[in-house]
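Only one structure is covered here, and it is reproduced in the block below.
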Amino acid sequence: MLLDYLDELNLDDEPVTRSAVAAGEGETAATEPAAERFWYVIHSYSGYENKVKKNLEHRAASMHDVGGDRIYQVIVPTEEEVELKDGKRRTIERRVFPGYILVDMIMDEDSWYVVRNTPGVTGFVGMGNKPTALSQEEVDKIMRRIEDVAPKIKISFKIGQKVRLVGGPFADFTGAVDEISLEKGKARVMVSFFGRETPVEVDFLQLEKV
């Protein structure tokens, strides 16, 4: 599915270049019936998604009588993420698919022209030379992800990795991460205490990589 393709490109906000989407070159409009409304994915340069979104919304409004009226919604998918750094929590907004924007539209020659010629748009994502609509299942999955009220926690360690405890009764002890609970924001670390491996549950903020 198209969403699987996007997930493969979602690599920790690394820049996505135009060459990543061959479908952006020379694609033609509308493989779907003209009267049907679908979500499509367009490509832009990573870091310019919000600017392109505003450009497209402005262009759709100004060209309402010549295709803009078939463009209903433009979304840059984002999600909240809690970043742990220097013993502090910081909530940041992270783009789900860097370099990609969703457009809810009726695809025809006019609406295709409005989108394709918007400054910053480098092409539609599609199979071959034609834009491909997202399936309803893919749309629902994306919407659930961006509407999730619980922010994801970004951690810099993984199971089996050596860490140092920087807080709590075992401060300055080192050990290996045995279990990670993103829901609780805690990890279980195996530390050596009086010559015996002892499991200690600590908050993510109390850990740092060795």
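The values are calculated or read from the model by the stated rules, or taken from the named source; none is laboratory data. All values derive from a computational prediction rather than experimental measurement. A quick note on method: Cβ atoms are made from the backbone with ideal geometry, for glycine too, and the neighbour counts reach across all protein chains shown. For the accessible areas, the whole protein counts, side chains as well, though only heavy atoms, and no ligand, DNA or RNA atoms are used. Shrake-Rupley method; radii C 1.70, N 1.55, O 1.52, S 1.80 Å.
Brief remarks on what is shown
- The rule of thumb for compact globular proteins, 2.2 N^0.38 Å, goes into the C-alpha radius of gyration of the stretch 62-210 1.59 times.
- Restraint check, Lys51/Lys88; Lys85/Lys184; Lys88/Lys209, Cα-Cα greater than 26 Å: Lys51/Lys88
- When Rg and Dmax are taken over the Cα atoms of the stretch 140-210, they come to 14.7, 53 Å.
- Solvent exposure of the stretch 150-210 as accessible area per residue, Å², 1.4 Å probe: 64 Å²
- Each of the peptides 121-134, 159-172 was scored by the mean count of other Cβ atoms within 10 Å over its residues; in descending order, highest first, they stand as 121-134, 159-172.
- Over 13 Å [Cα-Cα, the stretch 93-149], rounded percent: 69 percent
- Start at zero, step by 10 Å, and the Cα-Cα distances of the stretch 47-116 spread as 20, 39, 22, 12, 7, 1 percent across the bins.
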